Amino acid sequence: MENTFERSLEELETIVNRLESGDLPLEESLELFKRGVKLSRKCRERLANAERRIEVLTKDADGALTTEEFEPDDLRG
């Protein structure tokens, strides 16, 4: 089963909750932390890839739909 972004994020949230509980042995905490770091990196990578692929539909002067590359700075405006 493919590990989707959403599944990775859910697993990361579970790991964070378990680590925050403070009831785990040190070795288990370290393993969970290591897994969490991997998941965090994967999630960031997937978000960066998605951001590069996003296209924004816009209408030109004639009303025809065109596409242009999404620029993250457009959202900060």
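The values are calculated or read from the model by the stated rules, or taken from the named source; none is laboratory data. This structure is a prediction, so every number in the text was calculated from the model and none was measured. Note: ideal-geometry Cβ built from the backbone for every residue, glycine included; neighbour counts use all protein chains shown. Ligands, DNA and RNA are stripped out before the accessible areas are found, and what is left, the full protein with its side chains, is counted by its heavy atoms. Shrake-Rupley method; radii C 1.70, N 1.55, O 1.52, S 1.80 Å.
Here are a few things to note about the model shown:
- Scanning the stretch 33-42 for residues that are open to solvent by less than 60 Å² (accessible area, probe 1.4 Å) and either of a type outside the set (S, T, N, Q) or at pLDDT below 95 (or both) gives Gly36, Val37, Leu39.
- Tabulated pairs, the stretch 30-46, first in contact (Cβ under 8 Å) with a residue 12 or more places away in the chain, second of a type in the set (Val, Ile, Thr) and in a helix (DSSP H, G or I), C-beta under 8 angstrom, 6+ apart or interchain: Leu32/Ile15; Phe33/Ile15; Arg35/Ile15; Gly36/Ile15; Gly36/Val16; Leu39/Ile15
- Glu45 touching an Asp or Glu at 6+ places or on another chain (Cβ under 7 Å), of a type in the set (D, E, K, R) and either at pLDDT 70 or above or open to solvent by 60 Å² or more (accessible area, probe 1.4 Å) (or both): no
- The stretch 48-77: number of residues that are open to solvent by less than 100 Å² (accessible area, probe 1.4 Å), farther than 26 Å from Ser8 by Cβ and either at pLDDT 95 or above or among the small types (Gly, Ala, Ser) (or both): 2
- Lone unmet requirement of (1) of a type in the set (Asp, Glu); (2) open to solvent by 100 Å² or more (accessible area, probe 1.4 Å); (3) at pLDDT 90 or above for Glu11: (2)
- Qualifying residue in the stretch 18-32 (condition: within 20 Å of Asn3 (Cβ to Cβ), modelled with pLDDT of 70 or more and under 18 Å from the mean Cα position of the chain (by Cα)): no
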